[in-house]
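The values are calculated or read from the model by the stated rules, or taken from the named source; none is laboratory data. Model, not experiment: these values are computed from the prediction. Counting neighbours? That spans all protein chains shown, and the Cβs are built from the backbone with ideal geometry, glycine included.
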């Protein structure tokens, strides 16, 4: 079986499982699960499984480093989003939040590479 097909099937199963858990346990739990751990872990496993030799180590290190930047950006967004939505119209708040997320994520990724 082609590796891309296996990745598609496993990714679909993970997302379906997280959706079922979200329906059973509630939106907060489902949001946490689908937002980071389940999808990220699947991506790490699939990347390691699809690579041979020393290449997976470098790729996995890069993925983890990039995810730390995204986690930092997500923490900032949790703090900024409620304030932005209250003070700005939704469309402006959405644009501002995406910009802030990109800036913080990029900044933390650059800092972690140094």
Members of the stretch 75-95 that are surrounded by 14 or more Cβ atoms within 10 Å (Cβ to Cβ) and either more than 21 Å from residue 107 (Cα to Cα) or not assigned by TED's automatic domain parsing to the domain that holds residue 108 (or both): 85, 88
Residue check for residue 39: at pLDDT 75 or above, assigned to a helix (DSSP H, G or I) and surrounded by 11 or more Cβ atoms within 10 Å (Cβ to Cβ): no
Evaluation of residue 52 against (1) part of a helix (DSSP H, G or I); (2) exposed (fewer than 14 other Cβ atoms within 10 Å of the Cβ); (3) modelled with pLDDT under 75 (one fails), failing number: (1)
